[in-house]
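Worksheet: the structure to be examined is printed underneath.
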Amino acid sequence: MALYRDKAVSRAVGRAIHQYGMISDGDRIAVALSGGKDSLTLMWALQERLSRIPINYALLAVYIDLGFEGDPAHLIQGYCNKMGYTFHVEHTDYGRRAHSEENRENPCFLCSRLRRKRLFELAHELGCRKLAFGHHMDDIIETLFLNMCYSGEISTMVPYQPFFNGELTVIRPLAFLEESTINRFAEDHAFPQVENPCPTSRISKRHEIKKMLNSLYQRNNKIKGNIFRAMSRVKPDYLLGSVQ
């Protein structure tokens, strides 16, 4: 069963990479590690592909320590060393700043913005023109609903997104993988158990959206796939268009 899941992960990642032309020969790719199962699955899948594809690319795992007490940077570094991954850790105070008295209203927004900005900078400093994130199908769907409910727009994360006139490209090779598959895959590979030290991780707006969607999925197992497909089958003529 574990071997079957390995193949399922590899196939889904390969399909996303080929469909969106995510990786080219000679690429140097920064992989944004969070320490969670998603980014570790991404790192495994990208590394595993190198042994059986006709192109070559370099991987660099990058971790942003947000400055929370008990940050698991040392656990992640130990695991990367064990796996032979090239690893870079950046120590910051972004999490503490985002949760300071001056920013109680929306700590997640500021923390995410600071982390993402620094990852972009690090990719450039480390000579990487691709930055890979471990966002999966569930993340993409949740972001769609987050943006509709809290930003008043229909948008989400996309699998392939160039920035700065193509100087940097964000890729999301797990885009076709469901979170449940990744969870079982992580158990098969005994990934390190890393607790999220963020004090608001369980009360965020994303967590609320996830709970809402899971209740829908439990009623009808076709809903998740239908929502995901709907994002590539948009009919602009049946939307409101610009609102004056």
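Read-outs throughout are calculated quantities, based only on the coordinates presented, and are distinct from any laboratory measurement. The structure displayed is predicted, hence computed values, not measured ones. Note that we place each Cβ from the backbone using ideal geometry, even for glycine, and neighbour counts take in every protein chain shown.
Looking at the structure I just gave you, is residue 89 at negative phi, surrounded by 19 or more Cβ atoms within 10 Å (Cβ to Cβ) and either of a type in the set (Phe, Trp, Tyr) or in contact with a strand residue (DSSP E or B) (Cβ under 8 Å, 6 or more places away or on another chain) (or both)?
no
Just to be sure before I move on: is residue 216 in a helix (DSSP H, G or I) and not small (Gly, Ala, Ser) in the structure I sent? Step through it out loud before you land on a result.
Details: in a helix (DSSP H, G or I): yes; not small (Gly, Ala, Ser): yes.
For residue 216, the condition - in a helix (DSSP H, G or I) and not small (Gly, Ala, Ser) - is met.
Quick check on residue 224: is it in contact (Cβ under 8 Å) with a residue 60 or more places away in the chain and part of a helix (DSSP H, G or I)?
yes
Which one of 86, 92 is over 23 Å from residue 174 (Cα atoms) and of a type in the set (Ser, Thr, Tyr)?
Selected residue: 92, the only one of 86, 92 that is over 23 Å from residue 174 (Cα atoms) and of a type in the set (Ser, Thr, Tyr).
Kindly indicate which of 149, 128 is out of contact with any Phe, Trp or Tyr (no Cβ under 9 Å at 6 or more places or on another chain), in contact (Cβ under 8 Å) with a residue 40 or more places away in the chain and farther than 23 Å from residue 118 by Cβ.
Being out of contact with any Phe, Trp or Tyr (no Cβ under 9 Å at 6 or more places or on another chain), in contact (Cβ under 8 Å) with a residue 40 or more places away in the chain and farther than 23 Å from residue 118 by Cβ holds for just one of 149, 128, which is 149.
Would you mind finding the one in 190, 186 that is part of a loop (DSSP other than H, G, I, E, B) and of a type in the set (A, V, I, L, M)? Step through it out loud before you land on a result.
Numbers: 186 fails: part of a loop (DSSP other than H, G, I, E, B).
190 is the lone residue from the list that is part of a loop (DSSP other than H, G, I, E, B) and of a type in the set (A, V, I, L, M).
For the condition within 18 Å of the chain's Cα centre (by Cα) and free of Cβ contacts under 8 Å to residues at least 40 places away in the same chain, what is the one hit in 204, 232, 215, 180?
Sole residue among the options that is within 18 Å of the chain's Cα centre (by Cα) and free of Cβ contacts under 8 Å to residues at least 40 places away in the same chain: 180.
Quick one: which of 240, 177 is of a type in the set (A, V, I, L, M), outside any helix (DSSP H, G or I) and either touching a His at 6+ places or on another chain (Cβ under 9 Å) or under 22 Å from residue 30 (Cα atoms) (or both)?
177
Would you point out the residue of segment 171-207, among those that are closer than 19 Å to residue 100 by Cα and among the small types (Gly, Ala, Ser), that is surrounded by the most Cβ atoms within 10 Å (Cβ to Cβ)?
Taking the candidates together, the pick is 204.
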